[in-house]
Amino acid sequence: MNLRQFGHTWALIFLVTLPLFGQSVEFYPLESIQPGQTGYGKTVFEGTRVDTFQVEILGVLKNVGPKQNMILARLSGGPIARTGVFAGMSGSPVYIEDKLIGAVAYAFPFAKEPIAGITPIREMVDIFKEKPESGPRRARRVNPDKMYDVAQLPSFLSHFELPQFFVEPSLTRGQDLGRLQPIATPLNLSGFSPRSIQQFSSQLELLGLVPVRGMGTARMEAYEDVPLQAGSTITVQLVRGDIEVSASGTATHIEGDRIYGFGHPFLSIGTTDLPLNKGAVLTIIPNLMTSEKVSVTLEPIGSIKQDRATGIMGVAGEEAQLIPVRLRLHTSRNEVKELNFEVVTDNFLTPFLMSFTVHSSIVSSERSIGDQTIQVKCTISIKGQSDVNFESSVSDLVSSPVFAALAAASPVNFLLNSGFEELVMEKIDVEITAVEQTREATVETIWQDRLEVDPGEEVHLTVFLRQSNGDTIIKKYPVKIPEEITPGPLKIVVADGMSLTREDAETGVGEFIPESLQQLIKAINNLKKNDRLYIRLVREQEGAIISGEGMPDLPPSLLALYGSRKTSGELKSMGEVIYVEHELPATEFVLNGRQEISVNVK
C-alpha cells in the first residue's frame, strides 16, 4: 500500500466505526468529589483491549493553574503496582459511579506509590467549545543572513513555550521532583539511527517526549479489532512512510465526532492539523524514573485540531494535510539511498522533523567524526508558485551531519514562519551528497593586471585559494567594467557567498519586508551560496536601499524625497553602491574569505 492509499483509508474506516462515536456519558460534578471516594479507570495494558484499574480519590487541588483544578488519586490494579503511572497513560478516563470525572494526566517522578493527577473532564471539554480567534498574519522582515546561520544550532524552540504553571518540566527531565508533572508521551520512532536519536534526545525530552526506537505502523489483522472508545490507545502521527514518528496516549472521551485525550498538552501548539490513529500496546516497560508504554500505530481515524493546556481534541473522519518528502542520499561509497515519507504541516514541527530525518539519514550511512564534506540541495514546491531552491555545503571534522540537517530545514522554517497564509507546500525534495574529505578553501589574495581602466574594458584577476591541506588553487577571471560608469576609483571585491551575505546584513542590503509570497520566494532563490565566489564592483557613493535593492546615482532631489518616507521602514541610506555583481561557477569546495583591490576608471 502506498502512502496515498494509506492516507485515504480513513474514509472507509470512519464509515465502519461511525455508529460507535457519540456515545453519551454523564459527567460527575467536580464539586461533589470527596477524599476517600473510589472509582475506576480505563486504559490499554496490552494489545487493543481496554482494561480497568482502581482509583481512590485523595482530594481536589484548587487553582493549580488559571481556572484549572486537579483531582489527586491513588491508582491500583493490573500492572500498575509494578510500573506505577506510566508514559502513554495520559488521557486514561476515570469514573465514579460510572460517571466520568476526568483524565489521568500528571504524576510524581520516582514516586513509591502510583499517585496521579487527574484533569477534570469539564475543563478538558470546555476549553475547546469556542473557536480560537486568530489575528491577521503579517509578513515578517526577511534577513538573508539568517538563512546561512547554520554555524550555530538555531533553536527551533525559540517561538515555542511549554506551559509555565505547576507542570513544567515533564517527567522525562527529572527536575523539581516534588511537583506534579505531565506524564511523558512516548514518541515511537521507526527507521531512525540510534546516533540521531541521541543527538536530538534533549530537544525531545524538553517537549515531554520519550523516544522509543523501532516502533512503527502495524497491520490491524494482528490485533483484536476493538472499536475506538474511551480508554483506547490513540497515536498522533507526525511522520509516516519509509520512516515513522508517532506519539501515543489514551482517548478520554468521545462526543459526536470529537475525540478528547491526553489531559495535558501534547506540544501546546494550539490550532493544528495532525493525523490521529488507533494504536496497540506491545508491552509496558517498568522504569524507576518513568515506565513507558511501547505501542504501534494502526489505522487512521481522524485529525487532531486543537492542542491546549488541558489536552488534545480531534475530529473523526477528518484528514490531516501532510507534505510528501523525497530524500536522496549520495553516499561517499557511490551508493544512492532514497527515502519517501510524509511529514505534518506545522510552523514548529515541520522544520524540526525535517532536521531530525535528514540527520538520521546521513549518520546511518556516513561517519559522524572525521574529514567530511556534505552538500545539501533542497527544492520546495509551493502551490501556485515557482519552486524554492536552496543550496548549502558544510565541511567539518565533527559536526557536518548536524549542520547539514539544519541547512535542509532552514528554508522550510523560513517559509512556514514568513506569515503568508496562502503558502501551501506540495512537496519537498532533498538531495544530499557526502564525501569523506575536507574540502575547504580560503580566498588568500588576488592580483590584477592593471591599475587604470577605461569604461567597457576588462580587468583580469588572478585569485589564489588556499586549501585546508596547504595546497594553493589559482583561478583567473576577466571582469568587464560597465560602459556607463563615471570616472573615479572603483573597488573590486572577491568573496564567498556567506561573507557577502553577512556583510550585506550589516548594511541592510537585501533586508526587506516582502509584500508578496512571490517576493519572498525570489529572495530565497537569490541567496548566495557558499561553494562559489562572487565578484562585486563597488564605489563609495551616496545612494539608497529601497526594498532590499541598492539604488546608486540617485539625484539629490530623489534622495531627499525617499528620505522623507522614513515611516515605511523600507529605505536606508548607504555610503557604498554596488554597481555589478557576478556569480562565478560552483566549485567542489566550501569557500570563505574576502579580498579587494582598487582600479581607477579613466
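The values are calculated or read from the model by the stated rules, or taken from the named source; none is laboratory data. Source: prediction; values computed, not measured. All Cβ positions, glycine included, derive from the backbone under ideal geometry; neighbour counts span all protein chains shown.
Here is how the numbers come out for the structure above:
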quantity: Test result for A409, surrounded by 16 or more Cβ atoms within 10 Å (Cβ to Cβ) and closer than 21 Å to N334 by Cα; calculated: no
quantity: Top-ranked residue in the range 50-78 [being part of a strand (DSSP E or B) and at positive phi; ranked as surrounded by the fewest Cβ atoms within 10 Å (Cβ to Cβ)]; calculated: N63
quantity: Residue within the range 210-229 that is within 27 Å of T52 (Cβ to Cβ), modelled with pLDDT of 90 or more and either crowded, with 18+ Cβ neighbours inside 10 Å or not assigned by TED's automatic domain parsing to the domain that holds A116 (or both) present; calculated: yes
quantity: Filter result for V336 (within 23 Å of S193 (Cα to Cα), without any contact (Cβ under 8 Å) to a residue 24 or more places away in the chain and not assigned by TED's automatic domain parsing to the domain that holds M498); calculated: yes
quantity: Residue in the range 449-472 that is under 19 Å from L533 (Cβ atoms), assigned to a loop (DSSP other than H, G, I, E, B) and either of a type in the set (G, A, S) or under 35 Å from the mean Cα position of the chain (by Cα) (or both) present; calculated: yes
quantity: Matching residues in the range 303-326 - criterion: being buried (at least 24 other Cβ atoms within 10 Å of the Cβ) and in contact with a helix residue (DSSP H, G or I) (Cβ under 7 Å, 6 or more places away or on another chain); calculated: T310, G311
quantity: T379 vs. criteria surrounded by fewer than 19 Cβ atoms within 10 Å (Cβ to Cβ) and under 26 Å from I197 (Cα atoms); calculated: yes
quantity: Residues located in the range 479-537, provided they are at pLDDT below 85 and in a strand (DSSP E or B); calculated: F512
quantity: E342 being part of a strand (DSSP E or B), outside the structural domain of F192 (by TED's automatic domain parsing), touching a strand residue (DSSP E or B) at 6+ places or on another chain (Cβ under 6 Å) and among the acidic types (D, E); calculated: yes
quantity: The range 398-423: number of residues that are within 21 Å of S360 (Cβ to Cβ), polar (S, T, N, Q) and not in a helix (DSSP H, G or I); calculated: 1
quantity: Residue within the range 255-274 that is in contact with a Phe, Trp or Tyr (Cβ under 6 Å, 6 or more places away or on another chain) and on the phi > 0 side of the Ramachandran plot present; calculated: no
quantity: Residue in the range 318-329 that is in contact with an Asp or Glu (Cβ under 8 Å, 6 or more places away or on another chain) and within 30 Å of N63 (Cα to Cα) present; calculated: no
quantity: Options A320, A309, A316, A404: the member that is among the hydrophobic types (A, V, I, L, M, F, W, C) and either at pLDDT below 90 or at positive phi (or both); calculated: A404
quantity: In the range 84-132, the residues that are in contact (Cβ under 8 Å) with a residue 24 or more places away in the chain, surrounded by fewer than 17 Cβ atoms within 10 Å (Cβ to Cβ) and either within 27 Å of E205 (Cα to Cα) or not charged (D, E, K, R) (or both); calculated: F110, A111, E113, P132
quantity: Any hit, the range 29-47, residues being touching a Phe, Trp or Tyr at 6+ places or on another chain (Cβ under 6 Å), outside any loop (DSSP other than H, G, I, E, B), of a type outside the set (F, W, Y) and at pLDDT 95 or above; calculated: yes
quantity: Answer from A116, A105 - the residue that is touching a His at 6+ places or on another chain (Cβ under 6 Å), modelled with pLDDT of 85 or more and either within 22 Å of Q37 (Cα to Cα) or among the acidic types (D, E) (or both); calculated: A105
quantity: Candidates E426, E431, filtered to the one that is charged (D, E, K, R), surrounded by 15 or more Cβ atoms within 10 Å (Cβ to Cβ), outside any loop (DSSP other than H, G, I, E, B) and not assigned by TED's automatic domain parsing to the domain that holds L517; calculated: E431
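Residues checked against (1) modelled with pLDDT of 55 or more; (2) hydroxyl-bearing (S, T, Y); (3) surrounded by fewer than 12 Cβ atoms within 10 Å (Cβ to Cβ):
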position: T567; (1), (2), (3): no, yes, yes
position: P585; (1), (2), (3): yes, no, yes
position: V590; (1), (2), (3): yes, no, no
position: E596; (1), (2), (3): yes, no, no
